[in-house]
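First the structure, in the form of structure tokens, and then the observations on it.
Coordinate-derived values only; no laboratory data. In this text the structure is predicted, and so the values were computed from the model without any measurement. Cβ placement follows ideal geometry from the backbone for every residue including glycine, while neighbour counts extend to all protein chains displayed.
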């Protein structure tokens, strides 16, 4: 079972990062912005599902792969179209995510057919479980996204323009590794400590929700290092 999970996650890595490159090569800036918007929406849906992974004692929430691919798309935007357009993509993605949330909430609020055994009623129940948004988790998610994406863009451009190791590969690795860490910390701190009815101990938040899964983000950051090299070699 776990072996199948690892295989499918590896396939998801290839599809997500391949999709970001395909979006760039086919549609340029608009393609990368569209990919980031899709990634934000999908990552928040995937985060409602937890899986078992080898080496982890606790279940791990999904969404990491798609969100890391979003950081990669942001770095491509930053490298090819500049930090202004990369920052603009944040607000376009956030606006589309808000629109998605509003429309899904309206869909849930509209009464379904009364027959409890019908396909449509079952679909309504499934949508209610999947798309009902808690204000605390929503605010934590949006705050973490904006802060981490801005940090990613700033770090990438700062290293790219002024550091001795100013290659785009190094810039992308450092910015994604740092941005994803901040994303995980801000979300976990707000969701499970600041806004939580029963706050978790900070040590639990750091060990389980932040550093516990950071190895996955680091591995993907290394993967992005090689992918950025391949991207620049093709161009």
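Can you say whether residue 80 is within 21 Å of residue 23 (Cα to Cα), in contact (Cβ under 8 Å) with a residue 12 or more places away in the chain, buried (at least 16 other Cβ atoms within 10 Å of the Cβ) and out of contact with any helix residue (DSSP H, G or I) (no Cβ under 7 Å at 6 or more places or on another chain), as far as the supplied structure shows?
On the way: within 21 Å of residue 23 (Cα to Cα): yes; in contact (Cβ under 8 Å) with a residue 12 or more places away in the chain: yes; buried (at least 16 other Cβ atoms within 10 Å of the Cβ): yes; out of contact with any helix residue (DSSP H, G or I) (no Cβ under 7 Å at 6 or more places or on another chain): yes.
Considered against the rule, which asks whether it is within 21 Å of residue 23 (Cα to Cα), in contact (Cβ under 8 Å) with a residue 12 or more places away in the chain, buried (at least 16 other Cβ atoms within 10 Å of the Cβ) and out of contact with any helix residue (DSSP H, G or I) (no Cβ under 7 Å at 6 or more places or on another chain), residue 80 comes out as yes.
Six or more apart or on different chains, Cβ atoms under 7 Å: show the pairs whose first residue is in region 125-141 and farther than 19 Å from residue 198 by Cβ and whose second is part of a loop (DSSP other than H, G, I, E, B).
Partner pairs satisfying both residue conditions: 130/48.
Using the structure shown, decide if residue 173 is more than 27 Å from residue 230 (Cβ to Cβ), buried (at least 16 other Cβ atoms within 10 Å of the Cβ) and in contact (Cβ under 8 Å) with a residue 24 or more places away in the chain.
Judged against the criteria, residue 173 is not a match.
Would you check which residues across region 109-135 are farther than 19 Å from residue 49 by Cβ, touching a helix residue (DSSP H, G or I) at 6+ places or on another chain (Cβ under 9 Å) and part of a helix (DSSP H, G or I) and list them?
124
Checking residue 150 against (1) under 27 Å from residue 16 (Cα atoms); (2) touching a helix residue (DSSP H, G or I) at 6+ places or on another chain (Cβ under 6 Å); (3) surrounded by 14 or more Cβ atoms within 10 Å (Cβ to Cβ), which single condition isn't satisfied?
(2)
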